[in-house]
Amino acid sequence: MAKIVDEFEAAERAAIIRLENKIVTDSPLYRSGATDPREIPPWFKELSRDPPVQVLVGDDPRLPGMPSKPSLIDYFTYRFGPSQHLLQSARLAVKNGCSEKIVLACLLHDISVFGLLVPDHGYWGAQLIAPYVDEEVSWAVRYHQALRFFPDPEVGYEYPQSYIDWFGSDYRVDDYIRRDYEVARNHKWYMSARHITINDFYAFDPDIVVPLDDFVDLIGRHFRQPEEGLGLDSSPAAHMWRTIMRPTKFL
Ligand SMILES: [Fe+2]
Ligand SMILES: [Fe+2]
């Protein structure tokens with residue numbers, strides 16, 4: 001029995017990632033589902049070793065380095081996943097004659113999906129950008145998530161076929177999504193969020209490659225870049241950007 005326990009422990013310890021002789025820690029959300037989040041992670045047990053072990057507390061050497069004062073463009077370049085969906089949405093918004101504010105909302109509407117978290121992405125995305133954009137832009141990003149589930153034939157928005165494919169035809173949204181849809185429907189900025197859904201729906205086109213360069217000027221005009229660097233400022237969302245920058249930083 002002791003041998004099995006020893007072997008199990010050895011396997012657990014071998015699974016711990018070490019970089020530059022430092023242990024790399026991960027967050028409960030990264031593990032949750034793949035493992036039971038109530039379990040103590042193997043690296044946690046290492047913290048009480050004698051002699052003490054060191055942990056990674058700064059940049060993760062596996063990730064591309066970021067400038068000392070990063071901008072939104074730098075996050076697109078060095079951290080976000082392929083963001084053609086965002087760029088194509090913004091391009092379509094331009095084609096459809098939307099205002100610059102709405103184009104920016106379309107450019108950033110799924111920013112959480114590509115850079116932070118997928119569940120409730122509209123809400124997370126809105127929080128990420130709120131300190132840096134016009135209130136209407138972050139409001140629209142927040143509510144586009146609920147509006148995507150509700151057609152509006154008057155403006156030509158139908159329930160997405162992709163949602164039927166992905167969720168099944170019998171899928172019913174959670175109560176909070178329905179509630180937030182009602183809030184958005186009766187709000188003065190309803191059409192701002194609705195425009196995101198209109199430009200979102202047709203935005204998957206594998207034949208078009210839209211360069212981020214097309215929107216650098218627009219970002220410059222409408223996204224307030226903090227002097228210290230995005231994430232190194234003291235806004236209420238700065239820590240979220242820092243976590244994207246250094247996702248394995250211990251504490
Ligand atoms: Fe979305
Ligand atoms: Fe989208």
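Observations on the model:
- Arg221-Arg49 FRET efficiency (beta carbon distance; Förster radius 51 Å; 0.05 resolution): 0.45
- Order of Thr248, Thr243, Thr35 - criterion: other Cβ atoms within 10 Å of each residue's Cβ, fewest first: Thr35, Thr243, Thr248
- Length gained on full extension, Asp207 to Asp26, computed as 0.36 nm times the residue gap minus the Cα-Cα distance: 61.5 nm.
- Stretchable slack from Glu9 to Arg62, in nm (0.36 nm times residue separation minus alpha-carbon distance): 16.5 nm
- In the frame of its principal axes, segment 2-46 has Cα extents of 32, 28, 14 Å, reported largest first.
- Cα centroids of segment 129-151 and segment 191-238: 12 Å apart.
- Positive-end extreme of charge dipole, segment 72-242 - chosen from Gly122, Pro211, Gln84 (charges on Cβ): Gly122
- The ellipsoid equivalent to the alpha-carbon distribution of the chain has semi-axes of 39, 23, 16 angstrom, derived from the gyration tensor eigenvalues as √(5λ) and listed largest first.
- Total lysine pairs whose alpha carbons fall under 23 Å of each other in the chain (8 or more apart, or interchain): 6
- Least to most buried among Lys22, Lys95 (fewest other Cβ within 10 Å first): Lys95, Lys22
- Put in line by how crowded their Cβ is, counting other Cβ atoms within 10 Å and starting with the fewest, His121, His187, His144 read His187, His121, His144.
- Model label sites at Leu19 and Ser235, defined 7 Å from Cα along the beta-carbon direction, differ in position by 2.6 nm.
- Once the chain from Ala34 to Tyr176 is taken as fully extended at 0.36 nm per residue, the excess over their C-alpha distance is 48.5 nm.
Throughout, read-outs are computed from the coordinates displayed, never taken from laboratory work. Model, not experiment: these values are computed from the prediction. Note: ideal-geometry Cβ built from the backbone for every residue, glycine included; neighbour counts use all protein chains shown.
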